[in-house]
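J.: A single structure is presented below for examination.
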Amino acid sequence: METNLARKKIERRRRGRVAVWLCSLAALGALEGCGRHEEAPVSTNSQRVNGVYIPEGGASAPWVSADWVDLDVHSRLALPASFGLVMSNNAGEDVTVGVTLESFGLETRKASIFLGSLVVPARASFTVPIDLSWLPIRSVGSVSSVHASLQLQKGRAQRQLTTSRLAYEFEPGLSTITLWGSTARRFALSNPRDPRQERMQLAALDATLLTPQGDVWNGSSFVPVAALPPVGGAGYQIRGSVDFWEAWPASVPAPGTPLDGPPGPTKVCASHTWKFYDASVGEDYFWMNGFNAEPARYTAALLENYDTGQAVWAGWLGPSGCTPTMDLPAGTYGLTLASKLRTQTNSGAVTMDVETEQSFDYGGAPPNTPVVGYARTLFDVHPGPAPSTVQVGVYLTTVASNILVVGGRMFDMPDHGLSQGHIRVTTRDPSSNNIDCSSGGGEPPISWASTSHALKESTICIGRKNTLDPSDAWSKFVVGHEFGHTVQGFGMGNLTTDYDNPTSQPLCRCDHVASSNQYHCLQSQEVIGAGASEGFAHLYASRIFNHQEQSDCAFGYYKEFMDSSYTVQQPPVAVNCKTPVKWLENQCLTANRGVEYDWMNFLYDINSAPSSQRTSLSNLWQVYLTACSPPECESENLSWSALKDGAKAHYGEFDARYTRVVSSGDNFGVNH
Ligand SMILES: [Zn+2]
């Protein structure tokens, strides 16, 4: 069943433990997970752009690390067969692990099966055989993909973990399965025109292969896909998706390269898949648990006709994730997305490259080099009336697509505060591998943002706390927070990052933070500029995931929070970002100091006030720039009175926006 290499890995990792399922294919109930994050001392790094460097997140230890036994598998297996899931308990206590398989395939369908729970004893490491007949989508003649999603429970605490993705395809009669790990990407590299050319030629000869075939788990049994309602629209069918991470071949137009298509009635719309561990804290966007789809807004794309071998259209998808309408004669097409975004603003453009470090050598970039990724899905347009919309799921590596959907929402958000600039985001796949955000530095590999106001260049590294931790890319509030530092850096420069905190009041310190570093936290007393800077990043994450015009606001904080009764709440902590708490004033009042919590809520208040009183982000930059020493605010520690004077000078003494800044400053207790 497994390859020799896989077997060797199993033997190496097995320590005489036997995995015992506590239950099988039973409902586990909703085990909510979490993420958590942190910050480190400031240091400089020659690889970062010349600007202010702000260290941030870092996930807590996940207790158990898990991934497929061979990430590089390429095997054709006769069924029944199984494939190993390797689990290692890094904690000093037993951990209960619930295992769910989640598949995508058969025309953008998704399905999941809960396999059961098992106890991974403290410090134990073993391999759990996963019966491949339980893959929730059994696609015949087209590629599907599968992750294992793990719910970890240690005592009363819960976490989540998601493995790397495997691609697979069944043969008729479900007698045989072909399984790919990252090897599928190597196929793509060696034959960039079509990673599955052989199959495409077969498909052209055998019309039955053009109809989706296979079974989908509906929650209680496998049902034939033919019995299910069609998805995606009429007149076409979608095949599998393969992603790859390498330099784009010079012979083919790169996604994003402007190339108009022939006028016609059909648009092609793509989606990214996403999943966040800090879901459902009361936010309005991306609040669902599990894997979900989102329009691939603003994403670089290329549409090719595989019958003619010609590029049909290339450019950037619109705010709905669609191409313009065009003429698509019957035939086979490939839609390729790159992990890049671009939006046009009134004064320029903002671009974002999401780069992922791969642990494999693809014959081009050496291992661990951050590279932009590509993913391609094939579909057929059938003869007959032209479809108006072709809906395509394109499956980039999840850590990248998570960042892309947050970036797409940021670009789509009213008052996003961006005018021009380039953002480079790096992280790493697969989920069980470390990313070294510390290269050239020396601090832990935690997330950070480094932005130059003058150059309009920003680098974000989405990291983690320790080698085995999940990437912070699974936490949307960390990703949104880092975007906040970048946007503020572009707009006005980043304020000071002095987190010095001499107070002895435990409610204004971070000693209760156990899952992450204690350099600063939502409630810590900081110099006022640092509180204002971190508060802005929290505000920006809150803006991304909440409706600005609604009366409520929910922020999912990614470290422990100790409330005023000294009870420690576990992350993600649902924080109200709309109501005054006056943490500094009530817990540890000191002049010229600030608390992130107060500044987040103050900034949200002036930025979501009724329009006549509202400080838009572009006006916020002007208020600050009026108050700061020219030419920008980089590394400054601006007092409240200086900020207030800046608002007065920018707006005028009798402007409702200025009076709102003053009254909100009083109401939220940032006026010290
Ligand atoms: Zn921060």
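No lab work stands behind these numbers, since they all come straight from the coordinates. Just so it is clear, the model here is predicted, and its values are computed rather than measured. With ideal geometry, Cβ positions are generated from the backbone for all residues, glycine too; neighbour counts draw on all protein chains shown.
J.: Roughly how many nanometres apart are two label points built 7 Å out from the Cα toward the Cβ at Gln505 and Arg156?
T.: Label-label distance for Gln505 and Arg156, simple model: 2.7 nm.
J.: Fully extended, how many nm does the chain gain between Ser347 and Ser388 (0.36 nm per residue separation, minus their Cα-Cα distance)?
T.: Length difference between fully extended and current span is 11.4 nm.
J.: Between Val662 and Asp72, what is the FRET efficiency for a Förster distance of 60 Å, r being their Cβ-Cβ separation, to the nearest 0.05?
T.: For R0 = 60 Å, the calculated efficiency reads 0.45.
J.: Which value in Å is the Kirkwood Rh of region 490-668 over different Cα pairs?
T.: The answer is 16.4 Å.
J.: Once label points are set 7 Å from the Cα along Cα→Cβ at both Glu93 and Leu174, what is their separation, rounded to one decimal in nm?
T.: Distance between the two pseudo-spin positions: 4.0 nm.
J.: Full-extension gain between Ala649 and Asn592, please, as 0.36 nm times their residue separation minus the C-alpha to C-alpha distance.
T.: Once the chain is fully extended between Ala649 and Asn592, it gains 18.4 nm.
J.: Now, a different point. With charges only on Cβ, +1 for K and R and -1 for D and E, what is the dipole size of region 490-668 about its Cα centre, in debye, rounded to 20?
T.: Roughly 320 debye, rounded to the nearest 20.
J.: Applying the Karplus parametrisation 6.51 cos²θ - 1.76 cosθ + 1.60 with θ = phi - 60° to the phi angles of region 599-606, what ³J(HN,Hα) value in whole Hz is obtained for each residue in order, glycine and proline being reported as x?
T.: 5, 4, 6, 4, 5, 4, 5, 6
J.: Any chance you could run the full-extension gain for Asp260 through Trp134? It's 0.36 nm times the residue separation minus the Cα-Cα distance, nm to one decimal.
T.: Difference between extended and current length: 41.0 nm.
J.: Another question, then. For region 381-393, what does the Karplus curve 6.51 cos²θ - 1.76 cosθ + 1.60, with θ = phi - 60°, yield as ³J(HN,Hα) per residue in whole Hz, taken in order and with x for Gly and Pro?
T.: Once rounded to whole Hz, the list reads 9, 8, x, x, x, 5, x, 7, 9, 10, 9, 10, x.
J.: Turning to a different aspect of this structure: Tell me, what is the FRET efficiency for Ser612 and Ser564 to the nearest 0.05, using R0 = 35 angstrom and their Cβ-Cβ distance as r?
T.: 0.50
J.: I'd like to know which of Pro571, Tyr557, Asn546 lies farthest towards the positive end of the charge dipole of region 490-668, counting +1 on Cβ of Lys and Arg and -1 on Cβ of Asp and Glu.
T.: Asn546
J.: Quick query: amide H of Thr299 versus all other amide H atoms, modeled in the peptide plane; which residues come in under 5 Å with a sequence gap of 5 or more or a different chain?
T.: Leu317
J.: With a point put 7 Å past each Cα toward its Cβ, work out how far Ser251 is from Asp552 in nm, to one decimal.
T.: 5.7 nm
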